[in-house]
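*Asks:* Attaching a single structure in structure tokens format; questions to follow.
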Amino acid sequence: MVLDGAESRAHVWPAGPGRGAHLRSLKPKESRVEQRRLTIVGTGLIGGSIGLALKAAGARYKIVAHDRDRGMAAQAKKRGAADEVSSNLISAVEGSAMVVVATPLQGVREVFEKAGTDLAPGTLVTDTATAKHKVLGWAERFLPPTVQYVGGNPIVHEEGAGVGAARADLFQDATYCLVAPREADPQAVEFMAGFVRLLGAEPFFLDALEHDGQMAAVEHLPWLLSAALFRAAVRSPGWRDAARLTTGTFHRVTRFPVAEPEIYRDLCLANAQNLIRSIEGYIGELRRTQELLEGSDGEALEDLFSDPTAQRKGWMAAADEEILSPGLDEIGTGGSLGRFLGIRRPPERPPEEER
């Protein structure tokens, strides 16, 4: 796969008769553009961090930022996460080889719907939403068949929100889910895997339904539990006094990464069936715990805490294991990805002659 044959609009992928069509290889030739364009739509924590990570990796191409909040996009440029700001969505994506949509869920649909027909043939599109089945449907509905789509979801430990909290190492050693439609071209998927590694993350391939089912259990359900716990607490008769007794435990359990309730609403509705199953499982566990309390079963209660405690320690230890970041050769920077991003592999030193 060779991506050096940039035409005047610098496409990642050559145009084909359909999204699943096999892509022809392009022979290297002199580019007729000074820099390839990559557009980031949504310059919050994730979008801003992607821009910073790419710049830190040495990618030499123009990053165009677009955000509904013009101040946020301007701040992304000021912080070095973007080279150019475009207040118009169509102008932002026009001529770009790759478009990263890092908006809340409904923003992904809006971008696909409004800008899909303006994407150049061969453009690679990805997103960062935590619910993928809906997004796959929108990609199929709104993106033209000449555009390649591979969905993404970076699993990061969010500290803060907005571009002010963005950092180049946010994705370091993180799991980055990649969800591609069945008809996606293998070369597009391969490219996205390399792109993810360039950010410092590890690609993890999942089916959309599998992804959403797992995210319901470990991401979306905890949001609902946090909201339910807080609501139950503040509606209790003794909340005024209890509020003075809250510790770090209550604060951590009821913490939300971002303040906009519509973000959680949309994701929960998009993943409703999986969430319902997860809630049923959780209610079952609560009922079993209630029975242990009613029966004063101290031994079983101790097991209730010891089993998850041991398992969590093992899980946390595995998560904290150092994962060696792939080198430039491993992510293909000397080939297609490197040529697209403008990263040049340093020349190999000739072996010293034996004396």
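No lab work stands behind these numbers, since they all come straight from the coordinates. All values reported here derive from a predicted model rather than from experimental measurement. A quick note on method: Cβ atoms are made from the backbone with ideal geometry, for glycine too, and the neighbour counts reach across all protein chains shown.
*Asks:* Of all trypsin sites (Lys or Arg not before Pro) in the stretch 146-233, which ones are in loop regions per DSSP and have a Cβ with at most 11 other Cβ atoms within 10 Å?
*Replies:* Counting only loop positions with at most 11 other Cβ atoms within 10 Å, the trypsin sites (Lys or Arg not before Pro) in the stretch 146-233 are 182.
*Asks:* Still on this structure: For the stretch 210-320, count the residues as N, evaluate 2.2 N^0.38 Å, and divide the Cα radius of gyration by that value, please.
*Replies:* 1.24
*Asks:* Here's something else I'd like to know. Suppose every K and R has +1 on its Cβ and every D and E has -1 on its Cβ; what is the size of the dipole of the stretch 210-320 about the Cα centre, in Debye to the nearest 20?
*Replies:* Its charge dipole is roughly 560 debye.
*Asks:* Ok, one more. Can you sort 212, 241 by how many other beta carbons sit within 10 Å, fewest first?
*Replies:* 241, 212
*Asks:* Could you please tell me the mean projected area of the C-alpha convex hull for the stretch 40-80, averaged over all directions and given in square nanometres to one decimal?
*Replies:* 2.5
*Asks:* Ordered by residue, what ³J(HN,Hα) values in Hz, to whole numbers, does the stretch 275-282 give under the Karplus form 6.51 cos²θ - 1.76 cosθ + 1.60, where θ = phi - 60° and Gly and Pro are x?
*Replies:* 5, 4, 5, 5, 5, 4, x, 5
*Asks:* Which far-off residues, 5 or more places away or on another chain, put their amide H under 5 Å from the one on residue 125, with H placed in the peptide plane?
*Replies:* 99, 148, 149, 150
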